[in-house]
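A.B. asks: What follows is a single structure, and I will ask about it in a moment.
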Amino acid sequence: MKKSLRKILAVSVATLTLTACSAPSLLTVAAQEPVPASVVQVETASDNGETISPRADIIVTKYRQYNGKWQYRRWNETKQEWVDPDWIDL
């Protein structure tokens with residue numbers, strides 16, 4: 001009696017586990033149904049001639065002679081700020 005009860009319990013647990021594993025795959029199939037075109041809204045670019053073009057920062061190296069030693073520091077022309085916090089000896 002105990003062995004058959006254990007077998008029934010084991011089969012029940014296995015069935016529930018397989019059902020739980022297959023449930024997410026059923027949900028993903030349902031989510032992939034096609035959406036009608038009347039529901040989808042697409043924004044288009046305007047024809048006013050404006051375009052967005054990303055640009056890299058312009059970095060310039062500045063040199064100076066300080067206490068007889070040459071030093072350099074990088075300057076960001078785009079942001080108008082120093083890239084390096086301190087002057088670096090050559």
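A.B. asks: Can you give the local net charge around residue 70? Use residues other than it whose beta-carbon is closer than 13 angstrom to its beta-carbon, Lys and Arg +1, Asp and Glu -1.
C.D. replies: It works out to a net charge of +3.
A.B. asks: Let me check I've understood the local charge: for residue 82, count other residues with C-beta under 10 angstrom from its C-beta, Lys and Arg +1, Asp and Glu -1. What total comes out?
C.D. replies: Charge balance in the 10 Å sphere: +1.
A.B. asks: Here is a further query. With each pseudo-label sitting 7 Å past Cα toward Cβ, what's the residue 79-residue 57 distance in nm, one decimal?
C.D. replies: My value for the distance between the label points is 0.3 nm.
Rule-based calculations on the coordinates, nothing more; no lab input. On a predicted model such as this, the values are computed, not experimentally measured, just so you know. Virtual Cβ from ideal backbone geometry, glycine too; neighbours counted across all protein chains shown.
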